[in-house]
Every structure is written in structure tokens, then in C-alpha cells.
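The values are calculated or read from the model by the stated rules, or taken from the named source; none is laboratory data. What you see is a predicted model; the values in this text were computed from it and never measured. When we count neighbours, we look across all protein chains shown, and the Cβ atoms used for this are built from the backbone with ideal geometry, even at glycine.
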Amino acid sequence: MQREKVLLVRAPNLYKSEQWKKQGVLRTPTNLALLASYIRECGRYDPEILDFELEDSTTPQEVAISIVAKKAKIIGFTTLTPRFPTILKITQEIKKISKDLVTIVGGPHITGRPQDCQYISIDYGVTGEGEPAILDLLNALTSSGNVSNVPNIVHKLFGKLIINPKRHFIRDLDSLPFPAWDLLDMKQYKDPPFFQEKSHAGVFTSRGCPYDCTFCASKVTWERKVRYRSIDNVIAELTELKSAFGTSNIYFYDDHIATKRDRATDLLERVKNLGIKYQLQLRADSVTPKLALLLKQSGCLSAAIGVEAGDEFMLKSIRKRETKNQIRKAVRTLREAEVPTLTSYIIGLPGDTHETIQKTLDFARELNTDQMKFMLLTPVPGTEVYQMAVERGLLNPDDLEQMEKSTFYDTTAINLSNVSTEDLIRYQDIAYTELEKRS
């Protein structure tokens with residue numbers, strides 16, 4: 001039986017900020033590689049990944065021409081909010097070339113705002129956990145064409161947008177095949193601030209985060225439910241990456257790798273023997289001397305902590321559930337273990353004032369970590385911050401130009417603070433100007 005070709009696309013970021021360009025970071029589209037391996041495993045589909053972060057195409061028209069040239073009848077896009085307007089333009093250009101090509105859009109933006117599948121050039125949307133949903137959708141499209149009973153799918157019926165019910169999450173993450181790394185040019189994915197000029201791969205050891213921060217998109221997709229791969233399964237993937245693809249630099253993509261501290265320590269004990277280097281994200285309240293020592297011994301190049309704010313009231317208002325003293329203690333513990341640390345901060349949180357923003361900058365200066373990131377508050381569909389902006393009339397969900405401003409740097413889509421937008425951008429500039437030597 002001839003396999004149906006399916007093209008999975010990461011659209012170009014046509015609006016990279018200067019801060020992002022300066023870092024020169026290019027991460028693996030692990031989500032697409034996971035989808036590709038899942039649909040390939042069933043034996044009916046021949047997936048290909050087209051990553052426009054690696055391509056020279058600079059306009060939606062050029063991207064569409066490159067996509068159509070691949071001769072796939074079904075084309076799937078993953079999208080974050082600031083890239084959705086670009087993807088919409090690409091799908092419109094694709095339909096100008098051939099109306100028969102099927103366009104599918106998924107990812108965090110569609111999960112948070114499935115209504116954006118309303119556009120004529122988008123045939124279907126995939127919300128939430130994508131692997132079973134896209135496989136069932138493909139099976140329906142290549143057989144009966146009836147998608148009305150496929151959970152997690154957005155489609156149109158007689159011109160009306162239909163959002164199908166949700167499906168249960170995958171219980172056993174070990175049942176998933178490893179990402180289709182063979183469909184990516186692995187040597188191209190680099191993160192100079194951490195891995196110099198060596199390539200790296202992004203790996204998930206778990207899915208979800210149990211916390212409830214008002215600005216975070218994780219709970220939109222994973223609903224604060226956390227599921228874990230077995231340590232054996234993770235080690236097997238890391239071993240394969242190193243032996244088959246020569247990749248020994250890893251970015252663990254988990255929202256919080258130490259949700260279960262005992263599991264994290266067990267994992268790092270095993271990682272010690274692999275000879276890899278890695279970076280990861282974790283909460284300050286999970287850091288202990290034992291964990292910090294294991295991070296050092298097992299090859300951690302950077303432990304990233306989301307500090308967000310330097311004012312106790314602001315930390316409570318975003319439901320961070322951490323205190324400044326907990327953050328101080330974590331940074332001190334990591335420093336004593338000689339683990340490089342990256343801290344990130346948000347400028348323009350709801351209710352932020354000149355005073356609270358200054359406290360955030362002062363706290364960053366006090367912590368004095370190896371690297372720092374200062375991001376402008378960005379409204380992500382489905383989050384409390386997003387809904388707050390809509391209710392206050394600061395955000396029009398249908399305004400594509402406003403979506404493109406959701407980039408964390410240099411510009412902001414909304415302003416929920418008590419400071420002018422010009423001052424928010426100025427504070428970000430000050431933070432990078434004064435602290436960039438240490439970041």
C-alpha cells in the first residue's frame with residue numbers, strides 16, 4: 001500500500017526581536033518530530049518535516065511555493081500566537097495555488113483559541129495533545145472524510161465552526177515512539193549561549209505542570225495534570241540520540257523537571273553515566289543541596305528558574321506560590337554547587353508600578369545569576385492574563401496585528417500595568433543594558 005505523504009511545517013519567525021537574533025538560538029521542533037514518528041508508526045503515512053527556521057524564504061508567498069513543491073496533499077502547521085498571522089497568510093497563499101490541498105493547524109495557539117480555525121484557508125484544527133488526534137484525523141480524511149466524531153478536532157460544517165469534545169490524555173507516555181530525529185537536520189539546531197557551536201536536541205521527560213500561574217500557557221494544554229515517562233525510557237532516548245545522531249547536548253523541555261524531586265534525582269543519577277551536557281527548567285522551591293550536587297555531577301550547563309517578580313505582592317498576585325527568600329535560597333544553593341543559573345523576569349505584570357518593576361530589577365541585580373532574561377508580559381490565549389486583557393478592552397482576539405506583537409521583546413500587545421507602554425520597553429532596555437554583561 002502506498003503511503004500518504006504528510007508535510008509538517010514550522011513556519012518562519014518573520015518578526016524576530018533583536019534580543020532573540022542576538023542569541024542565535026535555534027531549537028529542535030520536537031513536537032513535530034513526535035507527531036511524525038507517531039503517524040509513521042501506523043504504516044499508512046509518510047511524514048516529512050519542513051522547518052522554515054532553516055530556510056531562506058522570507059515572505060508567505062515564498063513559503064507557500066516551497067510547501068506546495070513538496071507535493072504533499074495534507075499540510076500541518078504548529079503555531080504559537082505571534083506566528084499565527086504568518087501561518088494564516090501562508091495557508092491563504094497555498095489555497096491560491098491549489099484549493100485541494102488540506103491545511104491543518106495545531107499547537108498552543110489553537111488549543112487556547114480554536115475559534116481562529118474560522119478562516120477559509122484553514123481546513124482543520126488540532127487542540128491539546130496532538131498525536132492521537134492528528135492520526136485519527138488523517139485516518140478519517142483518507143477514508144470516509146467524516147471527522148465529526150474525532151476528539152480534539154476543529155472543523156467546519158455548512159459554514160459553521162465545530163469544536164469537537166476533548167479526548168483523554170495519553171496515560172502511558174512510554175507507549176509513544178521516540179521523535180523522528182531522522183527527519184531533521186540535527187546539526188543545524190544550536191544554542192550558542194549554552195552549547196557554543198555544537199548542536200543539541202530538545203527532549204521531554206514529562207508533560208504538564210501542576211501550578212497555576214496566571215500568565216502561563218502550560219495549563220491551557222495540559223490542564224495542570226502531570227504525566228511522566230519512565231526513567232528507562234528517557235535514558236534509552238538519550239542513548240539513541242548520542243549513538244545514532246551524535247547529539248550529546250540536551251535541552252530538557254519539561255515545564256518543571258523536578259515536580260517529583262525523587263524522580264528527578266533518580267533520573268540525574270542515571271544521566272551521570274551518559275556523558276551528556278544539558279540545560280533544564282525547575283522551580284526554586286524544588287532546589288535542595290542534594291539536587292544541586294547531582295545537577296553539577298551529571299553535566300548541567302544551566303538551571304533556569306522563573307523568578308518573574310521582585311515584589312512579594314506581585315508574586316502572590318500571579319499565583320507563583322514562591323517567596324523571594326525561597327528564590328534566594330535556591331540561587332545560593334545552586335551557586336554553592338557551581339551550577340550555572342539562568343533567571344527570568346517579567347516586566348509589565350498586571351498591576352505593576354514603577355516601584356514594583358524597580359524592585360524586580362533590584363532583585364535581579366541582587367541575585368546576580370550567570371544569565372538573565374527580561375520579558376515583557378505576553379497574553380497567551382486561554383490564560384487568565386489573556387482573558388483579563390480581553391475583558392478590559394485591551395485585546396481584540398481577532399486583531400492579527402496585535403497577535404504579532406506577542407513576542408516578549410521590544411514591543412507589547414497589551415499593557416495591564418500601571419506604567420506606560422513606552423516605560424515598560426524602557427525598563428526592558430535598561431535591564432539588558434545594565435545587566436547584559438552578566439547574561
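Here are a few things to note about the model shown:
- Sub-9 Å Cβ pairs linking a first residue in region 409-429 that is over 17 Å from Thr360 (Cα atoms) and at pLDDT below 95 to a second residue that is exposed (fewer than 15 other Cβ atoms within 10 Å of the Cβ) and hydrophobic (A, V, I, L, M, F, W, C), at least 6 apart or interchain, are Ala413/Leu394; Ile414/Leu394, ordered by first then second residue.
- Within region 398-408, considering residues that are surrounded by fewer than 20 Cβ atoms within 10 Å (Cβ to Cβ) and touching a residue at least 60 places away in the same chain (Cβ under 8 Å), the one nearest to Lys89 (Cα to Cα): Leu400
- The residues of region 128-143 that are part of a helix (DSSP H, G or I), in contact with a helix residue (DSSP H, G or I) (Cβ under 7 Å, 6 or more places away or on another chain) and either of a type in the set (Gly, Ala, Ser) or under 13 Å from Ile74 (Cβ atoms) (or both), listed by number, are Gly130, Ile134, Leu135, Leu138.
- With respect to the conditions (1) under 30 Å from Leu349 (Cβ atoms); (2) in contact with a Phe, Trp or Tyr (Cβ under 9 Å, 6 or more places away or on another chain); (3) in a helix (DSSP H, G or I), Glu240 lacks only one, and its number is (1).
- Being over 25 Å from the mean Cα position of the chain (by Cα) and aromatic (Phe, Trp, Tyr) is true of Tyr45.
- For region 153-189, the set of residues classified as surrounded by 13 or more Cβ atoms within 10 Å (Cβ to Cβ) and among the hydroxyl-bearing types (Ser, Thr, Tyr) consists of Tyr189 only.
- Qualifying positions in region 145-183 - in contact with a Leu (Cβ under 9 Å, 6 or more places away or on another chain), under 30 Å from Ala236 (Cβ atoms) and not β-branched (Val, Ile, Thr): Asn152, Leu176, Pro177, Phe178, Pro179, Ala180, Trp181, Leu183
- Within region 243-256, the only residue that satisfies the criterion of being in a loop (DSSP other than H, G, I, E, B) and more than 20 Å from Leu267 (Cβ to Cβ) is Gly246.
- Given (1) in contact with a Ser or Thr (Cβ under 6 Å, 6 or more places away or on another chain); (2) surrounded by fewer than 17 Cβ atoms within 10 Å (Cβ to Cβ), index of the condition Gln371 fails: (2)
A quick yes/no check of all residues on (1) within 22 Å of Leu32 (Cβ to Cβ); (2) free of Cβ contacts under 8 Å to residues at least 60 places away in the same chain:
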| position | (1), (2) |
| --- | --- |
| Asp100 | no, yes |
| Arg113 | yes, no |
| Cys117 | yes, yes |
| Glu129 | yes, no |
| Asp136 | yes, yes |
| Asn139 | yes, no |
| Ser144 | no, yes |
| His168 | no, yes |
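- Residue match in region 190-198 (condition: surrounded by 14 or more Cβ atoms within 10 Å (Cβ to Cβ) and modelled with pLDDT of 95 or more): no
- Candidate set from region 109-125 (those that are part of a loop (DSSP other than H, G, I, E, B) and hydroxyl-bearing (Ser, Thr, Tyr)); member that is surrounded by the fewest Cβ atoms within 10 Å (Cβ to Cβ): Tyr119
- Unique match (being charged (D, E, K, R) and out of contact with any strand residue (DSSP E or B) (no Cβ under 9 Å at 6 or more places or on another chain)) among Lys219, Lys260, Lys277, Lys225: Lys219
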